[in-house]
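The values are calculated or read from the model by the stated rules, or taken from the named source; none is laboratory data. Bear in mind the structure is a predicted one, so any value in this text is a computation, not a measurement. Note that we place each Cβ from the backbone using ideal geometry, even for glycine, and neighbour counts take in every protein chain shown.
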Amino acid sequence: MKALTSIVVGLDFSECSRAALIHAARFASWSHATVHPVHVVDAQINDMDEEAPVTAAELELHASAVEHAERQWDAFAAGVPGAGEFRLDVYVTHRLAGIRHQVDRYEANLLVLGAHGESKPHVGIGTLISSCIRDVPTDVLIARNGYCGPYRTVVVGIDFSATCQRALETAALVAHGERARLYAVHIEPQRVETYARLRSELGPDLESFVKATTNQYPELEVHCEVFLHAGHRSGVLDFAALVNADLIAVGTRGRTNLRDVVLGSTAEKVVRGRVCAVWAVNPPL
């Protein structure tokens, strides 16, 4: 990622989506990106299909939903520094379709979503967020509820794949913008032969791979770590907990199963628990 230029934030006016908006606004302050909040009223009406027949009742429902959302937005934005400059878009359609439309419309290179919304039971990572990670053509940041401050410790999982290279570029950019420390971690099985390779191969290879990207940020605090663990997915999570990370950046496709960190129950555990936010990085085009 060369730069953040356009950020879409999905809002349902919950506290978790407030955290998402706060992070997006802060990113915009140091990246000069534009921020585009969107609220999607999940319904069978599709206001994006101009050829679909719309009844008078549906039009009335649509207008009422938009008016209600705009009233909520005024109060919601008042509590977020800088949000008064943003314009809320409201759609009455399927949630994934509305978010995808917003991302395409503004050519966003980041979508920010709260880990869970206002409905109970809290549904999101297993449905909407997972769908966005799989189907929306941009990176997705899953913001954790209860944490709205700058990210001070960023962890990126390294498996030497092309997607991992993008994750590293993203993590370095964010760590630089947030003035955070960056940990680049490679997970290796805890076997006898691994210890013999640590000094001669793994450590130097990791440092060389990371420095090729981070050298453009000479003031950035960077740590390269080979972490011995039974599994790639649990290894990244355990390492993040060990260094008290605020954010994990991982590629959604790679040589290992790091993709599982950002999908399903594992991501839910990360962002709802005591660990951190997750930045899901798409493969390079």
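One line per residue, one yes/no per condition, for (1) modelled with pLDDT under 90; (2) under 21 Å from the mean Cα position of the chain (by Cα); (3) in the same structural domain as Ala24 (by TED's automatic domain parsing):
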{"site": "Thr138", "(1), (2), (3)": "no, yes, yes"}
{"site": "Thr170", "(1), (2), (3)": "no, yes, no"}
{"site": "Glu188", "(1), (2), (3)": "yes, no, no"}
{"site": "Arg191", "(1), (2), (3)": "yes, no, no"}
{"site": "Ala196", "(1), (2), (3)": "yes, no, no"}
{"site": "Asp205", "(1), (2), (3)": "yes, no, no"}
{"site": "Asn215", "(1), (2), (3)": "no, no, no"}
{"site": "Glu219", "(1), (2), (3)": "no, no, no"}
{"site": "His223", "(1), (2), (3)": "no, no, no"}
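Looking at the stretch 72-96 only, could you name the residues that are under 20 Å from the mean Cα position of the chain (by Cα) and surrounded by fewer than 15 Cβ atoms within 10 Å (Cβ to Cβ)?
None - no residue of the stretch 72-96 is under 20 Å from the mean Cα position of the chain (by Cα) and surrounded by fewer than 15 Cβ atoms within 10 Å (Cβ to Cβ), so the list stays empty.
I need the full set of residues from the stretch 233-268 which are modelled with pLDDT under 50 and surrounded by fewer than 16 Cβ atoms within 10 Å (Cβ to Cβ), in order please.
Matches in the stretch 233-268: Arg255, Asn257, Gly264, Ser265.
Would you pick out the residues in the stretch 144-157 that are modelled with pLDDT under 90 and crowded, with 23+ Cβ neighbours inside 10 Å?
Within the stretch 144-157, Arg144, Gly157 qualify.
Mind checking which residues of the stretch 22-51 are modelled with pLDDT of 60 or more and among the aliphatic types (A, V, I, L, M)?
Those that are modelled with pLDDT of 60 or more and among the aliphatic types (A, V, I, L, M): Ile22, Ala24, Ala25, Ala28, Ala33, Val35, Val38, Val40, Val41, Ala43, Met48.
Residue check: is Leu96 modelled with pLDDT of 80 or more and closer than 13 Å to Val9 by Cβ?
The answer is no for Leu96.
Quick check on my filter: what residues within the stretch 74-112 are in a helix (DSSP H, G or I), touching a residue at least 60 places away in the same chain (Cβ under 8 Å) and farther than 29 Å from Ala167 by Cα?
Phe76
Condition first: under 13 Å from Ala184 (Cα atoms) and of a type in the set (A, V, I, L, M). Now tell me which residues in the stretch 216-236 satisfy that.
If the condition is that a residue be under 13 Å from Ala184 (Cα atoms) and of a type in the set (A, V, I, L, M), then Leu220, Val222, Val226, Val236 are the ones that fit.
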